[in-house]
1. I'd like the Karplus ³J(HN,Hα) series for the range A:29-46: coefficients 6.51, -1.76, 1.60, θ = phi - 60°, whole numbers in Hz, and an x wherever there's a Gly or Pro.
2. From the phi angles alone, apply the Karplus equation (6.51, -1.76, 1.60; θ = phi - 60°) to the range A:11-28 and give each ³J(HN,Hα) in whole Hz, x where the residue is Gly or Pro.
3. Too long at a 22 Å Cα-Cα cut-off: which of A:Lys59/B:Lys28; A:Lys59/B:Lys59; A:Lys42/B:Lys59; A:Lys53/B:Lys65?
4. Could you work out the mean count of beta carbons from other protein chains within 10 Å of each residue's beta carbon in B:47-56?
5. Run through all the Cα pairs of the range A:14-54 and give the fraction in each 5 Å bin from 0, expressed as whole percent.
6. Between A:Asn26 and A:His38, what length comes free when the chain is fully extended (0.36 nm per residue of separation minus the Cα-Cα distance, one decimal in nm)?
7. Enumerate the amide H contacts of A:Val49 below 5 Å, restricted to partners 5 or more residues apart or on another chain; note that Pro and chain-start residues carry no placed amide H.
Protein chains: 2
Amino acid sequence: MPPISRDYNNRCRCLQVESRIIPPDNLKSIKLITEGPHCPEKEVIANLVNGAKVCLNPKSTWVKKLVHFVLGKQLSRKQATLPKA
Amino acid sequence: MPPISRDYNNRCRCLQVESRIIPPDNLKSIKLITEGPHCPEKEVIANLVNGAKVCLNPKSTWVKKLVHFVLGKQLSRKQATLPKA
């Protein structure tokens, strides 16, 4: 699901979250937004290679794995394993 | 260190990375940018509560812990422990 607003200072950006898994190769960046006065829920917004933005469920195990993969990509390439979630 | 450019599609945004630890309460969001044609290194940019943006070292253990903390905040509050890095 695309974010509903660019202005995350005033309100939540995600009304719904995407449940389909995004292959890491399709990913350009991930933004993790903490909960706060603007929004009671943390939000995770993926920016895809094709320019699309999708809201992900921060509670999903696969989303946590995706984040670990992005952070640990170079390491995991050397070790030929993904970091454990 | 602040990011050098808003246009991360064309070049790396970070020339140097901050090594000082950022307390999680000062953090508004974290952006993880994968390596790609625009930049050979993955980049991690923290957006602070005071509006400042700082580039972090994605290889640092504390940066990975910070990301885990943001993702697992609600869970860790219930469990009264931080997720293992």
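Derivation of every value follows stated rules applied to the coordinates shown; laboratory data play no part. Computed from a predicted model, the values in this text were never measured in an experiment. With ideal geometry, Cβ positions are generated from the backbone for all residues, glycine too; neighbour counts draw on all protein chains shown.
1. So the Karplus estimates, Gly and Pro as x, are 7, 10, 10, 9, 10, 6, 5, x, x, 6, 6, x, 10, 5, 10, 10, 10, 9 Hz.
2. Per-residue couplings from phi come out as 6, 5, 9, 10, 8, 9, 10, 7, 9, 6, 6, 9, x, x, 5, 7, 9, 9 Hz.
3. A:Lys59/B:Lys59; A:Lys42/B:Lys59; A:Lys53/B:Lys65
4. Per-residue shielding by partner chains comes out at 1.
5. 6, 22, 29, 22, 13, 7, 1
6. Working it through step by step, the gained length comes to 1.4 nm.
7. So A:Val49 has HN proximity to A:Leu27, A:Lys28.
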